[in-house]
1. Which of the residues that make up segment 119-151 are of a type in the set (Gly, Ala, Ser) and within 11 Å of the chain's Cα centre (by Cα)?
2. Here's a check for you: in segment 96-114, which residue that is closer than 24 Å to Asp11 by Cβ and without any contact (Cβ under 8 Å) to a residue 40 or more places away in the chain is surrounded by the fewest Cβ atoms within 10 Å (Cβ to Cβ)?
3. Kindly evaluate Lys88 against the criterion of being touching an Asp or Glu at 6+ places or on another chain (Cβ under 9 Å) and surrounded by fewer than 17 Cβ atoms within 10 Å (Cβ to Cβ).
4. If you check Val16, Val37, which single one turns out to be on the phi < 0 side of the Ramachandran plot, surrounded by fewer than 20 Cβ atoms within 10 Å (Cβ to Cβ) and of a type in the set (A, V, I, L, M, F, W, C)?
5. Give just the number: which of (1) touching a residue at least 12 places away in the same chain (Cβ under 8 Å); (2) hydroxyl-bearing (Ser, Thr, Tyr); (3) out of contact with any Asp or Glu (no Cβ under 9 Å at 6 or more places or on another chain) does Thr46 not satisfy?
6. Check whether at least one residue in segment 42-57 is modelled with pLDDT of 95 or more and crowded, with 18+ Cβ neighbours inside 10 Å, and report yes or no.
7. Quick one: would you say Ile3 is β-branched (Val, Ile, Thr), part of a helix (DSSP H, G or I) and either crowded, with 16+ Cβ neighbours inside 10 Å or touching a residue at least 24 places away in the same chain (Cβ under 8 Å) (or both)?
8. What residue, among those in segment 140-159 that are β-branched (Val, Ile, Thr) and farther than 17 Å from Lys65 by Cβ, is modelled with the highest pLDDT?
Amino acid sequence: MTIQVGDKVPDIGFKVMTEDGPKDISSSEVFGGKKVVLFAVPGAFTPGCSMTHLPGFVVKADEIKAKGVDTIACLAVNDAFVMGAWGKAQNAEELLMLADGNAEFTSAIGLELDASGFGMGKRAQRFAMIVDDGIVTHLAIEAPGEIKASTAEAILEQL
């Protein structure tokens with residue numbers, strides 16, 4: 001079942017890359033008591049994700065945060081090493097790069113994508129959500145091959 005507006009995000013852990021290596025971080029740490037913009041991409045370093053989706057949030061981070069957002073988080077079904085390297089390569093210091101390596105969060109919210117036809121296994125669909133203190137207040141799921149509803153510009157219109 002796909003998560004809906006009004007639902008609470010599940011309490012499932014992620015990994016983030018730190019200077020000391022991968023670190024666990026829980027959903028409650030990410031979303032509890034905060035307004036968070038979470039966007040998900042099918043894969044770090046892939047063309048649409050690297051050329052369009054992530055860069056929009058990097059460029060618009062200050063505008064998004066000026067609308068009362070505490071955290072902008074990028075999620076992918078990749079490991080923390082990949083997410084850390086991708087964040088550095090994309091100058092995404094203002095973003096929280098969440099690794100959902102085993103797709104546990106992605107599966108729990110019903111937004112997984114079977115990309116095995118491309119040799120990529122289970123991934124996250126492209127989506128964005130606004131979460132206020134753990135409750136989804138906006139959800140935009142992209143149609144296959146599109147990057148419109150989940151862009152930084154589209155999220156700014158919702159804030």
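1. Matches in segment 119-151: Ala124, Ala128, Ser150.
2. Top of the filtered list is Asn102.
3. Judged against the criteria, Lys88 is not a match.
4. Details: Val37 fails: surrounded by fewer than 20 Cβ atoms within 10 Å (Cβ to Cβ).
One residue alone meets the criteria, Val16.
5. (1)
6. Within segment 42-57, the subset modelled with pLDDT of 95 or more is 57.
Filter once more, so that each one left must be crowded, with 18+ Cβ neighbours inside 10 Å: 57.
Yes, segment 42-57 contains a residue that is modelled with pLDDT of 95 or more and crowded, with 18+ Cβ neighbours inside 10 Å.
7. Answer is no for this residue.
8. From segment 140-159, those β-branched (Val, Ile, Thr) are 141, 147, 151, 155; that's our starting set.
Pick out the ones that are also farther than 17 Å from Lys65 by Cβ and you get 141, 147.
On the way: Ile141: 96, Ile147: 90.
Result: Ile141.
The values are calculated or read from the model by the stated rules, or taken from the named source; none is laboratory data. A quick note: this is a predicted structure, and the numbers were derived from the prediction, not measured. With ideal geometry, Cβ positions are generated from the backbone for all residues, glycine too; neighbour counts draw on all protein chains shown.
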